[in-house]
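**Student:** Attaching a single structure in structure tokens format; questions to follow.
Where a number appears in this text, it was derived from the coordinates with a stated rule and is not lab data. Worth saying up front: this structure is predicted, and the values here are computed from it rather than measured. As a convention, Cβ positions derive from the backbone with ideal geometry for all residues, glycine included, and neighbour counts pool all protein chains shown.
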Amino acid sequence: MPSEERSDLPARILIIAAHPDDVDFGSAGTVASWTDAGASVSYCIVTSGEAGGSDRSVSRAEMITIRQAEQTAAAKQVGVHDLHFLGYPDGRVEPTLALRRDLARVIRQLRPERVVCPSPERNYARLGVSHPDHRAVGSAALDAVYPDSRNPFAFPELLAEEGLEPWTVRQVWISGGLTPNHYVDVTVTFARKVAALRSHASQISDPDELERRLRGWLGSTATAAGLPEGSLAEAFQVLETG
Ligand SMILES: [Zn+2]
């Protein structure tokens with residue numbers, strides 16, 4: 001529940017998300033604590049978020065550029081400088097074999113000990129958390145962790161044509177799931193999470209209201225975790241993958 005002991009912190013962590021800003025809503029406070037402690041964290045964002053926002057005067061091609069730049073700026077706020085955008089169409093992501101292969105490729109390239117991904121399950125209490133793209137990316141990411149990236153006979157072209165050796169991700173942290181079993185106290189990194197979210201200016205009409213809502217959500221999570229009054233927390237379901 002408290003911050004991880006440094007000895008338990010993996011050297012390399014990969015966050016897989018569907019859209020720019022997902023990681024900042026779900027886990028940026030936790031990411032900041034990991035980079036502060038010396039971990040190398042990378043983001044793999046499956047779409048570029050061109051279906052986001054309500055300004056119809058901005059072309060969707062422009063929106064891709066805007067949102068990639070916003071996510072890159074947000075990442076810097078929490079110590080992340082390595083971003084991979086896969087360019088899938090926002091709003092139309094499915095957990096296809098092609099997406100599994102693309103995620104397995106990134107995993108084999110980066111060789112993370114830990115992957116963070118969205119939940120593949122629908123949350124009836126909070127529909128926004130289980131956007132169809134989130135569910136699709138969560139499903140494909142878990143399949144990429146097991147079995148695709150570790151099995152040399154899964155997508156054999158990754159090894160034969162690209163020289164990418166199999167890699168076993170030991171641990172997965174699911175964000176936004178129905179059954180969290182691990183809480184990270186982000187009280188001290190909350191300001192940087194807010195700064196990261198404010199970087200997504202094309203999506204946020206009232207940043208101060210957003211900060212108030214975030215305090216409410218993360219405060220409730222901290223209460224569920226049994227943390228002291230006034231604490232803020234992010235929640236995950238941690239899986240050991242063998
Ligand atoms: Zn999203």
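**Student:** Around N123, which amide H atoms from residues at least 5 apart in sequence, or from another chain, sit under 5 Å from its own amide H, with H modelled in the peptide plane?
**Tutor:** For N123, whose amide H was placed from the backbone, the distant partners under 5 Å are S130.
**Student:** Filter the GluC sites (Glu not before Pro) in region 92-200 to those in DSSP coil with at most 14 other Cβ atoms within 10 Å of their Cβ, and list the result.
**Tutor:** E161, E162
**Student:** Residue by residue through region 99-107, which ³J(HN,Hα) values in whole Hz follow from phi under the Karplus form 6.51 cos²θ - 1.76 cosθ + 1.60 (θ = phi - 60°), with glycine and proline marked x?
**Tutor:** 5, 4, 5, 5, 6, 4, 4, 5, 4
**Student:** Rounded, prolate or oblate: pick one for region 161-242, where a ≥ b ≥ c are the square roots of the eigenvalues of its C-alpha gyration tensor, a/c under 1.5 means rounded, and failing that, prolate if a/b is larger than b/c, else oblate.
**Tutor:** oblate
**Student:** Follow-up question, since we're still on this one. Given region 127-166, report the % of alpha carbon pairs whose separation exceeds 11 Å.
**Tutor:** The share of Cα pairs beyond 11 Å in region 127-166 comes to 64 percent.
**Student:** Is the shape of the chain rounded, prolate or oblate, going by the alpha carbon gyration tensor and its root eigenvalues a ≥ b ≥ c, with a/c under 1.5 for rounded and a/b larger than b/c for prolate?
**Tutor:** Oblate, because a/c is 1.5 or more while a/b does not exceed b/c.
**Student:** Specify whether the C-alpha gyration tensor of region 70-111 places it in the rounded, prolate or oblate class, a ≥ b ≥ c being the square roots of the eigenvalues: rounded for a/c under 1.5, otherwise prolate if a/b is larger than b/c and oblate if not.
**Tutor:** oblate
**Student:** Moving on to the next point. Stick to Cα atoms and the Kirkwood definition of Rh, then tell me Rg/Rh for region 85-186.
**Tutor:** Using Cα coordinates only, the ratio equals 1.00.
**Student:** Working only with C-alpha atoms, what are the Rg and Dmax values of region 29-92, expressed in angstrom?
**Tutor:** Looking at region 29-92, its Cα Rg and Dmax stand at 13.4, 42 Å.
**Student:** Compute the distance in nm between two label points, each set 7 Å from the Cα along the Cα-to-Cβ direction, one at L178 and one at R212.
**Tutor:** 3.3 nm
**Student:** Could you give the size of the charge dipole of region 9-60 about its Cα centre, using +1 on the Cβ of each K and R and -1 on the Cβ of each D and E, expressed in debye and rounded to the nearest 20?
**Tutor:** The calculated dipole for region 9-60 is roughly 140 debye.
**Student:** Could you derive backbone 3J(HN,Hα) for region 128-140 from the dihedral phi with the Karplus parameters 6.51, -1.76 and 1.60 (θ = phi - 60°), listing whole Hz in sequence and x where the residue is Gly or Pro?
**Tutor:** Using θ = phi - 60°, the values come out as x, 5, 10, 3, x, 5, 4, 5, 5, 5, x, 5, 5 Hz.
**Student:** Work out the length of the dipole vector of the chain about its Cα centre, built from +1 on the beta-carbon of each Lys and Arg and -1 on the beta-carbon of each Asp and Glu, and round it to the nearest 20 debye.
**Tutor:** 100 debye
**Student:** Along region 146-162, what does the Karplus equation 6.51 cos²θ - 1.76 cosθ + 1.60 (θ = phi - 60°) give for ³J(HN,Hα), rounded to whole Hz, x for Gly and Pro?
**Tutor:** Working through the residues one at a time gives 9, x, 4, 6, 8, 9, x, 9, 8, 6, x, 5, 5, 7, 5, 9, 10 Hz.
**Student:** Quote to one decimal, in nm, the extra length available between N123 and K76 on full extension: 0.36 nm per residue of separation minus the C-alpha distance between them.
**Tutor:** This chain segment gains 13.9 nm when fully extended.
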